[in-house]
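The values are calculated or read from the model by the stated rules, or taken from the named source; none is laboratory data. Quantities reported herein were computed from a predicted structural model and do not represent experimental measurements. In this analysis, Cβ positions are derived from the backbone assuming ideal geometry, glycine residues included, and neighbour counts consider all displayed protein chains.
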Amino acid sequence: MPFVVLVLGGVVVVNGPAYLPILPPAILYINFVTDGLPALALGVSPIEPDAMKLPPRDPTESFFSKNILTFIGLWLLILGLILFYVFFNAPDIERGRTEVFFLMILGELVIALNIRSLRHSIFSVPPRLPLIFLVIGSIVFTFLIVELPQVREAFGIRQPLISSIASVVAVVLGVTSAFEGTKFCLKRMSKRHLTRQPPIGPG
């Protein structure tokens, strides 16, 4: 979970360990609902519709291709800055932890919906139904368990305010728009690269 590491490390460096924005039980929960089940659903998703039209992958190329590194860098930059801003501008530490908690969960689940294809829009290559159901179920389950006082105490959070949830949703939609714009640019760059390649075969 690079986002958790980024936020924890940055806040601890600035304010010390007493101001952890996410407590260990909350970290474990975020890891469970955003990494485990969505990864299984993504693992059985079909390939992109035009995958057979792409040139062979360079065997010497790293798994972390330019497209993947672009998305990782974009996500770290945008969400990292937002998390810092949300936490340091909260009226108290528990409210800050609450907003960071929900922002991390909703943000990573939205990325799971967008990450099936790094070139095609989520509208042209939509996520499969199992992944959609898992994302919706994870969000509903999260809102249900935070109604329990014992869970909120363990996570160091409060009940979310409607205004806070609205802000988190707005941020997630904004990040999704940024991803869609990046996909559009990468797809156009890929097309230009393909048109410049020499034909394969004798000649």
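Assorted remarks:
Here's the yes/no breakdown for (1) out of contact with any helix residue (DSSP H, G or I) (no Cβ under 8 Å at 6 or more places or on another chain); (2) closer than 25 Å to L42 by Cα:
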residue	(1), (2)
L81	yes, no
M104	no, yes
G107	no, yes
F123	yes, yes
I132	no, yes
S138	no, yes
F141	no, yes
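- Those residues of the range 11-37 which are at pLDDT 75 or above and part of a helix (DSSP H, G or I), in sequence order: P24, P25, A26, I27, L28, Y29, I30, N31, F32, V33, T34, D35
- Residues (modelled with pLDDT of 85 or more, buried (at least 22 other Cβ atoms within 10 Å of the Cβ) and either over 15 Å from G156 (Cα atoms) or of a type in the set (D, E) (or both)) located in the range 84-99: E99
- Top-ranked residue of the range 176-201 - restricted to ones that are assigned to a helix (DSSP H, G or I) and among the polar types (S, T, N, Q), ranked as modelled with the highest pLDDT: S177
- Being hydroxyl-bearing (S, T, Y) and crowded, with 19+ Cβ neighbours inside 10 Å holds for only one residue in S138, S164, and it is S138.
- Residue satisfying condition, being modelled with pLDDT of 70 or more and closer than 27 Å to Q159 by Cα, within set I115, I72, I122, I78: I78
- Just one of (1) more than 22 Å from L79 (Cα to Cα); (2) at pLDDT below 80; (3) surrounded by fewer than 16 Cβ atoms within 10 Å (Cβ to Cβ) fails for L129. It is (2).
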